[in-house]
1. Where does each of 75, 85 land when they are ranked from fewest to most other beta-carbon atoms within 10 angstrom?
2. Of the listed values (1) -0.91; (2) -0.58; (3) -0.39, identify the label whose number matches log10 I(q)/I(0) by the Debye sum over Cα atoms at q = 0.13 Å⁻¹ calculated from this model.
3. Using only helices, what value at 222 nm comes out for the chain when you add -39,500 (n - 2.57) per DSSP H run of length 4 or more and divide by the total residues, to the nearest 500 deg cm²/dmol?
4. Neighbouring Cβ atoms within 10 Å as the yardstick, rank 6, 63 fewest first.
5. If you fit an axis through the alpha-carbon atoms of helix 70-79 and take the longest principal axis of the Cα set of the chain, what angle between them do you get, 0 to 90°, nearest 10?
6. So for 11, 94, fewest C-beta neighbours within 10 Å to most, what's the order?
7. Using a cut-off of under 20 Å, list every residue of the stretch 55-73 whose amide N is near the label point 7 Å from the Cα of residue 45 along the Cα-to-beta-carbon line.
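None of the figures in this text is laboratory data; all of them are computed from the coordinates on show. Nothing here was measured: the structure is a model prediction, and the numbers come from that model. Here the Cβ positions follow ideal geometry from the backbone for every residue, glycine too, while neighbour counts run over all protein chains shown.
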């Protein structure tokens, strides 16, 4: 993702996650060349419904945080067909983002 800011890169990677799947803060961080915490902070600051922030979870499968609350994140994921047990996403719903270079 030549010439793009870290923020733009994170948003573009997040938009590439298909409905019904999730990716992790860590995976997006590697591709955007930043830290998982930076990914979380940037996604938390997003107010656009065009960026599906709810599809980004922790590497251990925990749903993690969400600006509109964890219950809403779980509701959105379940509405897209993602299976969740004990606030953890079942492994088969993980999606690997296509590798981009920033």
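1. 85, 75
2. Identified label for the calculated read-out: (3).
3. Computed mean residue ellipticity for the chain: -10500 deg cm²/dmol.
4. Taking fewest neighbouring Cβ atoms as first place, the list is 6, 63.
5. That helix lies at roughly 80 degrees to the long axis.
6. 94, 11
7. Of the residues in the stretch 55-73, 55-57, 65-69 have backbone N under 20 Å from the label point off residue 45.
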